[in-house]
Amino acid sequence: MEENRSMRLLLVCDKTIDAQPLKNGLVKFGYAVDLAQSTAAALRLADDNDYDAILTKDGESSYFDAIKLTRRMRNADVGDPILLVPSDVSEETVTDAFNAGADQVMDPEHGFNELAARVRGLLRQCVPTLGDKISYREIEIDVSSMRATREGKPLGLSGKPFAMLELFVRRPEKV
């Protein structure tokens, strides 16, 4: 299993029988996972929190539609990457999912390992690489050399303090 620096995911799945094993599996990979089992809960959580990715899994129930949820999230300016796992993977459904704003669509018949790999792929696309230099106001960080400066002066951070500063700089002014 890869360490993923506590990436935070929103899992939207209306069926408890599917949701809990998915959540447990993602947690075992080191992700922090919030679970929503309705459209209203998903929209509230997506509005209130900053997620690294959103995973929506359609059930066969008529009261939850992952494509409609994806469209509502995009209309509400939720920019987090979305992986959609519809119950039906016909060409029409996949086209509708991408048109609604999904970043990836996966056939539910494929296993958990593929799901985890797709989540990692989504996160790689959205997270700057370790070679990046990042800054916020007077703080500059060179992640590859683990050096941080404030107004050009070295801060001498390592380990957890450096990781925390990097997190804060990557997500400025977010709680």
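The values are calculated or read from the model by the stated rules, or taken from the named source; none is laboratory data. In this text, all values refer to a predicted model and were calculated from it rather than measured experimentally. Reconstructed Cβ throughout: ideal geometry from the backbone, glycine too, with neighbour counts over all protein chains shown. These accessible areas exclude ligands, DNA and RNA; they are computed on the full protein's heavy atoms, side chains included. Shrake-Rupley method; radii C 1.70, N 1.55, O 1.52, S 1.80 Å.
Quick look at the numbers
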item: Placed amide H near Ile82: partners under 5 Å, 5+ positions off or other chain; result: Ile54, Asp103, Gln104
item: Sites Asp18 and Asp50 - FRET efficiency at Förster radius 30 Å, r taken between beta-carbons, to 0.05; result: 0.75
item: Residue range of the chain that is longest and free of GluC sites (Glu not before Pro) which are both DSSP loop and sparsely packed (at most 12 other C-beta within 10 Å); result: 4-59
item: Accessible surface, the range 30-102, averaged per residue in Å² (probe 1.4 Å); result: 47 Å²
item: Simple Cβ-charge dipole of the range 43-107, Lys/Arg +1 and Asp/Glu -1, about Cα centre, in debye nearest 20; result: 200 debye
item: Within the accessible area of the range 1-121 (1.4 Å probe), percent carbon and sulfur; result: 46 percent
item: Table column - 3J(HN,Hα) (Hz), the range 108-122, Karplus curve with 6.51, -1.76, 1.60, x for Gly and Pro; result: x, 6, 6, x, 4, 4, 5, 4, 4, 5, 5, 4, 4, x, 4
item: Listed candidates (i) 1.09; (ii) 1.05; (iii) 1.15 - label of the one calculated as Cα Rg over 2.2 N^0.38 Å; result: (iii)
item: The chain - charge dipole about Cα centre, Lys and Arg +1 at Cβ, Asp and Glu -1, debye rounded to 20; result: 840 debye
item: Prolate/oblate/rounded label for the range 84-125 (Cα gyration tensor, a/c 1.5); result: oblate
item: Residue-by-residue Karplus 3J(HN,Hα) for the range 12-24, coefficients 6.51, -1.76, 1.60, Hz, glycine and proline x; result: 10, 8, 7, 9, 4, 4, 8, 5, 5, x, 4, 4, 4
